[in-house]
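Below is one structure, written out as structure tokens; the observations come after it.
The values are calculated or read from the model by the stated rules, or taken from the named source; none is laboratory data. Note that the coordinates shown come from a computational prediction; the quantities given were computed from them, not determined experimentally. As a convention, Cβ positions derive from the backbone with ideal geometry for all residues, glycine included, and neighbour counts pool all protein chains shown. The area values use the complete protein model at the heavy-atom level, side chains included, leaving out ligands, DNA and RNA. Shrake-Rupley method; radii C 1.70, N 1.55, O 1.52, S 1.80 Å.
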Amino acid sequence: MRKIIHDLSSGTSQTVNEPVIRTIYNFLLNSYGSQGWWPLIELHESGGTNPTKTGSVQGYHPGDYTYPHTDSQQFEIICGAMLTQNTSWQQVERALINLKKIDSLSPGGILDLGPETLREAIRPAGYYNQKAVRLKTLAEWFLELKSRTPEREELLSLKGVGPETADSILLYAFKQPSFVVDAYTRRIISNLGLADEKTKYSEIKALFEENLPEDMIVYQEYHALLVEHAKRYYQKKINYSRCPLLKIVLA
DNA sequence: TGCCAGGTCTATA
DNA sequence: TATAGACATGGC
């Protein structure tokens, strides 16, 4: 296993925002450590003559940036990226575990499932009618991909794949340096005064990419760290003024 | 009971 | 180009 912590405390400044973007990263990394995204599911078989599969979360792999190891894990990340749209990860895990329990968390498995069975399996993740159709689309696309790395535009052309999902797939399933901007990211940088509610996705993405080394590992960690930080300080019922980053950015 | 969660698409102006 | 409404479950 490769254990790397990418610290950005050194390096030369190039833009006004670069020190801020890097300072935030270093603070988050020092605070929470390596996050080990993207979480992967693993099923454990119970013993006996009639083994049953129980879902559990293998979860995170801090400091190990070698994942995905297999096409199966790569496809699992792709499915998770789509299923997590506007839904909590806990619900996505349930859906993924349901699919694994029926040996269908694979492109062929998804395509072989009847529409009703697929809908029932992913029901916990919400929007199950839409997402069932979109999973089939992703499965067909993945089979035709044949281990090639897709272009971002190609992903965006798929039904149900918007900018965040495309970037998540590129960054975590294909290890491409494409920064992911999610609702948490937007909330944090808005509160820090680095953007506002109307700032476009592409502009926020550029803010990070232009002020960081083009490094897949840094992008993965940064996005995951922002999510972890947001879960602590940026839940909607929390006053964002408690965010410790404010003292750092405004200093 | 109502709000919220690791978005995206479509119709309309 | 911008915005509203639809899509849906489960935790708190």
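Counted as qualifying within segment A:165-235 are the helices (runs of 4 or more DSSP H) with 1 or more residues that are among the acidic types (Asp, Glu) and under 11 Å from the mean Cα position of the chain (by Cα), namely A:216-233.
On inspection, A:TYR222 fails the criterion of being within 16 Å of DNA strand C (Cβ to nearest atom), within 16 Å of A:TYR32 (Cβ to Cβ) and among the hydroxyl-bearing types (Ser, Thr, Tyr).
Return yes when A:TYR25 is modelled with pLDDT under 95 and not assigned by TED's automatic domain parsing to the domain that holds A:GLU144 and no when it is not.
Details: modelled with pLDDT under 95: no; not assigned by TED's automatic domain parsing to the domain that holds A:GLU144: yes.
Considered against the rule, which asks whether it is modelled with pLDDT under 95 and not assigned by TED's automatic domain parsing to the domain that holds A:GLU144, A:TYR25 comes out as no.
For segment A:179-217, the set of residues classified as among the hydrophobic types (A, V, I, L, M, F, W, C), surrounded by fewer than 21 Cβ atoms within 10 Å (Cβ to Cβ) and without any contact (Cβ under 8 Å) to a residue 60 or more places away in the chain consists of A:ALA183, A:ALA195, A:ILE204, A:ALA206, listed by residue number. Of all residues in segment A:148-164, those that are away from DNA strand C (no atom under 16 Å from the Cβ), farther than 17 Å from A:LYS136 by Cβ, open to solvent by 10 Å² or more (accessible area, probe 1.4 Å) and assigned to a loop (DSSP other than H, G, I, E, B) total 3. Scanning segment A:242-251 for residues being touching a residue at least 24 places away in the same chain (Cβ under 8 Å) and not in a loop (DSSP other than H, G, I, E, B) gives a total of 4. Whenever a residue of segment A:145-168 is on the phi > 0 side of the Ramachandran plot, its partners that are surrounded by 17 or more Cβ atoms within 10 Å (Cβ to Cβ), lying with C-beta atoms within less than 8 angstrom and at least six residues away or across chains, give the pairs A:GLY160/A:MET82; A:GLY160/A:GLN85; A:GLY160/A:LYS131; A:GLY160/A:ARG134; A:GLY160/A:LEU138.
Restricting A:GLN176, A:GLN235, A:GLN220 to residues that are surrounded by fewer than 13 Cβ atoms within 10 Å (Cβ to Cβ), under 26 Å from A:GLY59 (Cβ atoms) and not hydrophobic (A, V, I, L, M, F, W, C) narrows the list to A:GLN235. Where the second residue is open to solvent by 70 Å² or more (accessible area, probe 1.4 Å) and within 16 Å of DNA strand B (Cβ to nearest atom) and the first is farther than 20 Å from A:THR87 by Cα and lies in segment A:103-128, which pairs have Cβ atoms under 7 Å and are six or more apart or on separate chains? Note: pairs meeting the criteria are A:LEU111/A:GLU140.
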